[in-house]
1. Filter segment A:111-125 down to residues that are among the β-branched types (Val, Ile, Thr) and farther than 16 Å from B:Pro355 by Cβ and give me whichever is farthest from the other protein chains (Cβ to nearest Cβ).
2. Just give me the residues in segment B:26-35 being crowded, with 23+ Cβ neighbours inside 10 Å and either more than 10 Å from every other protein chain (Cβ to nearest Cβ) or touching a Cys at 6+ places or on another chain (Cβ under 7 Å) (or both), in sequence order.
3. Under 8 Å between Cβ atoms, at least 6 apart or on separate chains: pull out the pairs that start in segment B:311-336 with a residue that is more than 10 Å from chain A (Cβ to nearest Cβ) and end on any residue that is in a strand (DSSP E or B) and among the hydroxyl-bearing types (Ser, Thr, Tyr).
4. Based on what the data block shows, is A:Ile146 within 14 Å of chain B (Cβ to nearest Cβ), closer than 30 Å to A:Tyr38 by Cβ and among the hydrophobic types (A, V, I, L, M, F, W, C)?
5. Restricting to segment A:9-50, what's the tally of residues that are on the phi < 0 side of the Ramachandran plot and outside any helix (DSSP H, G or I)?
6. Output the residue which, of all residues in segment B:347-384 that are surrounded by fewer than 18 Cβ atoms within 10 Å (Cβ to Cβ) and over 24 Å from the mean Cα position of the chain (by Cα), is farthest from the other protein chains (Cβ to nearest Cβ).
7. Would you check which residues across segment B:107-133 are touching a residue at least 60 places away in the same chain (Cβ under 8 Å) and more than 17 Å from B:Ile95 (Cβ to Cβ) and list them?
8. Looking only at strands (runs of 3 or more DSSP E) that lie completely in segment A:245-329, which have at least 1 residues being of a type in the set (Lys, Arg)?
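The values are calculated or read from the model by the stated rules, or taken from the named source; none is laboratory data. Note that this is a predicted model, so its numbers are computed, not measured. Because the Cβ atoms are built from the backbone with ideal geometry, glycine has one as well, and the counts that use them run over all protein chains shown.
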Amino acid sequence: MLPSNLLRVKRRGFKVLPRFAELNYENEYAASLLIDTYQEHVGKTIGELEDAIDDVEDELEDLGYHPKFVRGLIELLDRLIEAQKPETKVPPDLARRTVFAVSSQMGFATTPEVKVKVFEEAAKRLNVSVHDLIKAFEASYEDSEIIISFNAPTPVDLLRQYNLSLTQTLTFKAMSMDLVANMTGGEAKSILRTVKMLGLMYMAEKSDGVLRLHIDGPASLLVSTRRYGTRMARLIPLVLRLRSWRIRAEVLYMKRRFLMELDERFSKLMPSKPPIEETFDSMVEEDFMLRFQALGLGWRIVREPEPLMARGSIFIPDFALYKGDVKVYLEIVGFWTPEYIERKMQKLLQVKEPMIIAVNKHMACSKESLERLRGAVVVFDGKLRASDLVPVLRRLEPVRVEAKQPTTPSSPERLVETPLVEVSLDEVSSYLSSIGEEPLEKVLSELRARGVSNEQEAYRLIRSHGLMVLWRGLDPSKAVVKRVKP
Amino acid sequence: MPPPVVLEYERGTVVVKGFRGELPGCKWDVRSGCLRALAYKYFEVKRALEEMGFEVIDKVLSPIGGSIGTPHIKPLRSYQEEALEEWLKAGMRGIVVLPTGTGKTLIAIKAIATLNEPTLVVVPTIELLEQWRSQLAKSLNVDVGVLGGGEKKISFITVSTYSSAYMHAEELGNKFKLLVFDEVHHLPSESFRQIALLSTAPHRLGLTATFEREDGRHVDLLDLVGEVVYRKAVYEMKSKHLADFDLVRVYVELTDEEKLKFSKLFSMYKDFLEKKGWKLKSLQDFRRLIMASGLSKEARRALLAWRDARLLVLNSVSKLDVLKDLLRRHKGDRIIIFTELNKAVRRISKELLIPEITYKTGSKERAEVMELFRSGVYRAVVTSKVLEEGIDVPDANVAIVLSGTGSRRAFIQRLGRILRPAPGKRAVLYEVVAKGTPEVMISRRRRRGLTGG
């Protein structure tokens, strides 16, 4: 980020863009000239560096570089040096205080003779030589600090950093920002976590798998304000880590509104950052995933698969489970504060996708909200075991189990294929075809009456007739069978 | 009976849960599915709901607990008393306009003591921050919180700079009941106004010597703080409570060499303006030039020429000679030297061995210099713009202005600083102007501000 007086933009109509420094030979020349100057001044004073930089600045300006560009690079380089007060016989602060006090008493150094006397008297008071006193006095001015190290970037890296800083500086003036991107669940989580941490708000939309986040702050609804611009600028480095992205920010610049539109094509001008790493939120999840995979149920498990919509806000389930063309999300709700659980429940209630919700038995949550949940609910005690899911997954098994799939009967939790029993398929079919919506218990008993005694088989038949079992809580008496396909 | 409506505070705004309809200052927020208003509309919103007969569960305020101690406050002068009374009558809202040096701080302290509520005092500079902190601590007998200059401690009585209060507005918004804005003319700027907008505080006091802003935005203060409840002008006050002062202008001649250099540089600048058809009549024109300098090389050269010309005049040998003369003449006095460019400040500091304060001076060092100046160990300070407003230097009786911006407000306030009443003392203000340079014009404009014309 740069001071706003160093901002350079390109304007066309109502559009504005940072005036990026291209990564070409000319700009690399300017960058390397400055970097070299800093490098040469390690061990010298800030004042000396400033004088040298002034000269380089003039030289670059004469060559036609824009002064704000040059100043911007200097600004960034200044942050890479470390300076220290020089060693002196007496502390510079003390020397300064003494010199000024003596000078005040003597009516100030209005002539060179008085000046000498002031230094002599001050030196006497501090019991040092005049030379050492003057050295300490000079050291009290900040430009006498000595540069002890310079963390030199490469010219290209400096230019990239400049471009990022420039973009952030323009974003300072943003009133709102739209981020359109293809994100994994992990990426969305990381961005939304930052949005929240910064005290910003968002509205989400999703179409064709592309997520659009409209980002601003609480007060943006009521006043147009650039208050949140500095915070939005902090999102930019995160955005740069996405593979494909587009930003559209509404910017108030020189008292006029502009649109700043950037996309992944600009990433190459800016520092390259590794993609957002997926980190596990908690041990519970990591542990669960490993165990689930070890079970070998034939279900594929993917962590934080993708952001789901929950009426304008976003919900990122912990896992997605795939088998054949069946896909179900799994959310593990651990032991948290009641407020956290309530918020989570509110979101879960808005999600339309099929969902298994694993809840901690000791969770601080009202029974009512649990019962209102759409998906299948699995209650676990302390730690969720992969085997806890087996009964629910059985119900969700795809209709046709692929013949090639090997069975490994050694695992006790392994789903055992039940053989088809003799039933009157016609009767079953005609009954099932007539259902619009019926309680699960009723359907099961009707099927038993028609010879389907195996529950697993009953679920399979229900699904194969375009019906779906909707679970409302754990209690089967609340579940219904509903038509999804004619 | 309808279900109760819940009011909550959220980062500078108030959200209304369990009600959908018209409410003052409220808008429907789809992001959170509720009505939302800026915090300063909180009381209006609550009143409207109660008038409609709703039960309101109010979770908005989170005031800082505490109380002031036994106050030790100097008795108010009659006009201070009047000002306080008018403010109380106006519902503890509004602005007091009084010249610098007339004890606005005392009015505010008395107001704070009268209300004894969690209070946030907002001031423009670090110096004022220090000054208010010590005065509040002394007169109200409390531990005073500070926000700004690298400190962050929020207490029952807290002093903050405008910048820090803006930055932390969301966090401060529901913690105070009284806001005091020192130099309230700063408040209407696009960002600073949010300190007022994002706060629920019902009671607000604004203080200033110069209510009117050049951009006309002072009218917004009505909504943000309240109306002007009390106002007295300079000429009414001068004979009563301000120290008498003399204004002395000293003309200096540039050396021949300086003159030649100056006219070369100045004509470079003037030619550019003439080519563009601009007149350097106001600050506006000047800003335009600065803006243009970012766009064309020619404009930048013109600006640089103007800067060099100015530095040449400021650093002119004859000016420095005059300064030396004045220092000799005022041995034993307390002197503040103003000059505009930091380079010029540094030069005077190093050459004459006078402590300096610039925007680069750290707050600790700054406090030390001011303290030693107050206690008389230092008899002079040279400074750039940082002392622009209301800094309390009670014993300074000589000011030497080596340059100025030509802004009226700045000049009045600079003057005010040495006009603190001190028995039997005449203050002197010297303005050192180079003859035959454009500075003469700026100085004339400045003095107009003094007489109110």
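1. Within segment A:111-125, the first condition is being among the β-branched types (Val, Ile, Thr), and the residues that meet it are A:111, A:114, A:116, A:118.
Among the residues that remain, those that are also farther than 16 Å from B:Pro355 by Cβ are: A:111, A:114, A:116.
Values: A:Thr111: 8, A:Val114: 9, A:Val116: 11 Å.
Among those that are among the β-branched types (Val, Ile, Thr) and farther than 16 Å from B:Pro355 by Cβ, it is A:Val116.
2. Just the residues of segment B:26-35 that are crowded, with 23+ Cβ neighbours inside 10 Å, to begin with: B:26, B:35.
Hit for segment B:26-35 is B:Leu35, nothing else.
3. Correct list of pairs: B:Ile336/B:Thr383.
4. Values: within 14 Å of chain B (Cβ to nearest Cβ): no; closer than 30 Å to A:Tyr38 by Cβ: yes; among the hydrophobic types (A, V, I, L, M, F, W, C): yes.
So A:Ile146 does not fit the description; no.
5. 19
6. Among them, the one singled out is B:Ser375.
7. To start, the set of residues in segment B:107-133 that are touching a residue at least 60 places away in the same chain (Cβ under 8 Å) comprises B:107-108, B:111-112, B:115, B:117-128, B:130-131.
B:Glu117, B:Pro118, B:Thr125, B:Ile126, B:Glu127, B:Leu128, B:Glu130, B:Gln131, listed by residue number.
8. Counting at least 1 such residues, we get A:245-253, A:256-263, A:300-303, A:319-323.
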